[in-house]
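To keep things clear, I will list the structure first and then write my remarks on it.
Each reported figure results from applying straightforward, stated rules to the coordinates on display, with no laboratory input. Computed from a predicted model, the values in this text were never measured in an experiment. No Cβ is skipped: glycine too gets one built from the backbone with ideal geometry, and neighbour counts run over all protein chains shown.
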Amino acid sequence: MGGNTQSFFFSVITTNLFFMCSLTLESALADLHSPEKEVRARASATLITIGTDAIPALLGLLHDKDWVIRYRAVEALGGIGDTAAVEPLMQCTTDEKDHVRYMAAKSLARMEDPRIVPVLIRMLSDDHSYTRRIAAEGLSRLGNADALPHLESALLHETDPDVKQAIARALSSNKNK
């Protein structure tokens, strides 16, 4: 094959791949609005696979009126793991819906960015026990000594046994790092 023929085929393949990715991105974003949980979960997984190209669209969904859409957008951003999403995800930790808050904590903890330690510390006092547990698990994963006094205080005041256990693990992990 000559150079011009190879260039032509490369151009056609590249254009088709770009078009297919665009269709996949659009269809995954549309599927986030499905009434079926499994369809929304697959859409989130697809957006994670698409990666950084999906970030602008996902950031736009963080303010959707439907908490399920916000939840799935936060989940996908966490799965992508790009630190460009840290600040917007930090804002989601104050969402009115507890599901969005805990997914924001979980997503942030995956990124292992030092900016999130104060956010996870604050979330140790969230009114939802699962969110507190996820925050403690995130602090355990990050292993930051600044969290120790906050974890100790949270352990003294926590009433939920699962959260207490997560805080105790975080204390142990933070002391050992």
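What the table below lists for this structure:
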quantity	calculated
In sequence order, calculated HN-Hα J values of region 153-159 (Karplus, 6.51, -1.76, 1.60; Hz; x Gly/Pro)	5, 4, 5, 5, 9, 6, 10
Relative contact order (%) - region 17-122, alpha-carbon pairs under 8 angstrom, separation at least six	20
Mean residue ellipticity (222 nm) of the chain, computed from DSSP H runs ≥ 4 via -39,500 (n - 2.57), nearest 500	-23500 deg cm²/dmol
The chain, relative contact order in percent, only Cα pairs under 8 angstrom and at least six apart counted	13
Table column - 3J(HN,Hα) (Hz), region 32-38, Karplus curve with 6.51, -1.76, 1.60, x for Gly and Pro	4, 8, 5, x, 8, 4, 5
Vicinal HN-Hα couplings computed from phi for region 75-87 (Karplus, 6.51 cos²θ - 1.76 cosθ + 1.60; Hz; Gly/Pro x)	4, 5, 4, x, x, 5, x, 7, 5, 5, 8, 4, 4
Net +/- balance of residues flanking LEU89 in space, Cβ distance below 12 Å, scoring K and R +1, D and E -1	0
Global geometry of region 129-177, whether rounded, prolate or oblate, following the gyration tensor of its Cα atoms and the 1.5 cut on a/c	prolate
Option label - Cα extents along the principal axes in Å computed here, alternatives (i) 72, 29, 25; (ii) 60, 48, 28; (iii) 72, 37, 23	(iii)
Residues THR159, THR24, sorted so that the one with the fewest Cβ neighbours within 10 Å comes first	THR159, THR24
Reachable aspartates and glutamates from LYS175, criterion Cα separation under 18 angstrom, eight or more residues apart if same chain	GLU112, GLU137, ASP146, GLU152
